[in-house]
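**Q** Take a look at this one; I'll ask things after.
Any read-out appearing in this document is the output of simple, stated calculations on the displayed coordinates, not a laboratory observation. Here the structure is a predicted model, which means the values were calculated and not measured. Cβ: placed from backbone, ideal geometry, glycine included. Neighbour counts: every protein chain shown.
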Amino acid sequence: MNKKKISIIKIKNNEIERAVFKALDLIDAESLFNKDAMRIVIKPNILMSKEPERAVTTHPEIVRSMIKWLKNHNQNDIIVAESSGTSSPGATEKAFEGSGIKKICEEENVNWTPFEKTERKKYEIKNPLVLEQIVSSPLLEEADLIINIPKIKTHWQTLLTCCIKNMFGTLILGNKAKTHARFSTRDAFSSALADIYSVSNPQLTVIDGYLCQEGKGPSKGDIVKLDLILAGFDGVALDAAVCKIIGLDPKNVKYIDKAAEKNLGTSDITKIQFLGEDIKNISRKFKIPRKRPVSVPLPSWLADYMGNVVFRATVRFDPNKCKLCSTCWENCPGNAITPPEVIKKGNTPNWDRKKCIFCYCCAELCPYEAVDFKINYAKNFLFSWAGVFFLVIIGIIFGFLLWILL
Ligand code: SF4
Ligand code: SF4
């Protein structure tokens, strides 16, 4: 089996099944079956309860096509598993329902489960970058085959969410918030994502590039009908390929290199054998979220300073959209959000800048798209030590000029 094969198939006339089957057959995915009745875990992206047309979750018809393809190859021991983004009880069940994936599982007669409804299993991470262990479901080690079905979306914090980031959902409910809190810089969080991915390291990935999100992804971005299915065995290579398709430099998606550093795959696009569509013909530049890493080469301490201070966002709540549903304050890993004093229409939650770790969970999870982030670069700079230093230097220069002129 050539692990570096990636197929790219265009979905024509919304014929999803045809595209998924073709993508899998082109890479000879059947070669993964080394015995009958393998235990197969499918991990879609079911971030929250959103209808498929909003492009937040893996499209249910792609999950259905995957199940049908497996059954066509006499693989019937299939379970679809996920842990949604929120930590309130029953959230994942609701997300399964709202995303349409529960219905698909029932119609196709396969099991589905929230990871949190299984037993717990502690996994030690080999050669950790930052995270020594995670607690997840024993399903990850019981599975003979793990199939990752992520969706292409831009992401506030990591710029892209697709293959590697999707396995963050193997952490159970509140553990996600804790991981955000513990690894609050983009660099550390990217390392944590690579560590988490290494636990499951899915043998097969089928990417939902049907309805995607650009801009303010992963839950309130603009929808892009990209009409693509990608399939392959190397999730790191697939993430790098997706970057190329959407016009994003893979170097800016830090977890790709972190995963390559852990030997989880290749980020070198020249080592990939592409099958199907030519990337040149199907590329479509996505709007990338504004919170970009510093792109000029800077010493790491200065880049970190710029990222953490100058690029720091302010959380805003839209009073017209906020329904005071409590999702944001119940799931904020930094305890930076509290309910307003009076729960009534027009009021919004309170936000504490000092406690905020800028994990973007609130924007990701708000079911009403009421949370926004605003970055005021000039104000952030002027109210930082660098800004004060800059003003002092300017003051000295002006003072000196005045002294010469007068
Ligand atoms: S901002 Fe969103 S998540 Fe927070 S209370 Fe309002 S509607 Fe709920
Ligand atoms: S306020 Fe939002 S961005 Fe800040 S820590 Fe809480 S969930 Fe994360």
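**Q** Could you grab the relative contact order for region 312-375? Cα pairs under 8 Å, six or more apart, rounded to a whole percent.
**A** This gives 48 percent for region 312-375.
**Q** Let me know the charge dipole size of the chain about its Cα centre in debye, to the nearest 20, where only the beta-carbon of Lys, Arg (+1) and Asp, Glu (-1) is charged.
**A** 1240 debye
**Q** Grab the beta carbon distance between PHE33 and LYS178, set R0 = 35 Å, and tell me the FRET efficiency rounded to 0.05.
**A** 0.40
**Q** Turning to a different aspect of this structure: Any idea what % of Cα-Cα pairs in region 198-238 are farther than 15 Å?
**A** 53 percent
**Q** Give the long-range amide H neighbours of ILE11: residues separated by 5 or more places, or on another chain, with amide H under 5 Å away, using H modelled in the peptide plane at 1.01 Å from N.
**A** Those qualifying (amide H under 5 Å, at least 5 residues apart or on another chain) are LEU228, ILE229.
**Q** With unit charges on the beta carbon (Lys/Arg positive, Asp/Glu negative), name the residue among CYS366, THR314, PRO339 whose Cα is farthest towards the positive pole of the charge dipole of region 312-375.
**A** Farthest along the dipole direction, towards plus: THR314.
**Q** How far, in nm, would the chain grow between ASP352 and ARG316 when pulled straight, counting 0.36 nm per residue and subtracting the alpha carbon separation?
**A** 11.8 nm
**Q** Now, a different point. GLU51 versus ILE396, label points 7 Å from Cα toward the beta carbon: distance in nm?
**A** It works out to 6.2 nm between the two label points.
**Q** With a 10 Å radius around each residue's Cβ, average the other Cβ atoms per peptide and rank 90-96, 247-253, highest first.
**A** Per-residue mean Cβ counts within 10 Å order the peptides as 90-96, 247-253.
**Q** Would you please state the base-10 log of I(q)/I(0) at q = 0.13, 0.14, 0.23 1/Å for region 142-236, with intensities from the Debye formula using one equal scatterer on every alpha carbon?
**A** Values returned for q = 0.13, 0.14, 0.23 Å⁻¹ are -0.46, -0.54, -1.25.
**Q** Considering the convex hull of the alpha carbon atoms of the chain, report its projected area averaged over all viewing directions, in nm², one decimal.
**A** 23.1 nm²
**Q** Okay, moving on. Using 1/(1 + (r/R0)^6) with R0 = 35 angstrom and r between the beta carbons of ASN252 and LYS71, what's the FRET efficiency to the nearest 0.05?
**A** 0.35
**Q** Only helical DSSP H runs with n ≥ 4 go in: add -39500 (n - 2.57) per run for the chain, normalise by residue count and round the 222 nm mean residue ellipticity to 500 deg cm²/dmol.
**A** Helices in the chain give a 222 nm mean residue ellipticity of -9500 deg cm²/dmol.
**Q** Any chance you could run the full-extension gain for GLN133 through GLU97? It's 0.36 nm times the residue separation minus the Cα-Cα distance, nm to one decimal.
**A** Roughly 9.9 nm would be gained on extension.
**Q** Follow-up. Taking only the alpha-carbon positions of region 312-375 and ignoring solvent, what does the Debye formula give for the base-10 log of I(q)/I(0) at q = 0.16, 0.25 Å⁻¹?
**A** Here log10 of I(q) over I(0) equals -0.43, -1.10.
**Q** Among LEU193, ALA378, LEU171, whose Cα sits farthest toward the positive end of the charge dipole of the chain (+1 at Cβ of Lys/Arg, -1 at Cβ of Asp/Glu, about the Cα centre)?
**A** It is ALA378, whose Cα lies furthest towards the positive end.
**Q** Say each of SER88 and CYS325 gets a label point 7 Å from the Cα, pointing the same way as Cα to Cβ; how far apart are those two points in nm?
**A** Going from the SER88 label point to the CYS325 one covers 0.8 nm.
**Q** Suppose a student asked you for the relative contact order of region 20-87, using Cα pairs under 8 Å spaced at least 6 residues apart; what percent would you report?
**A** 43 percent
**Q** Below 8 Å, C-alpha to C-alpha, sequence gap of six or more: please give me the relative contact order for the chain in percent.
**A** 17 percent
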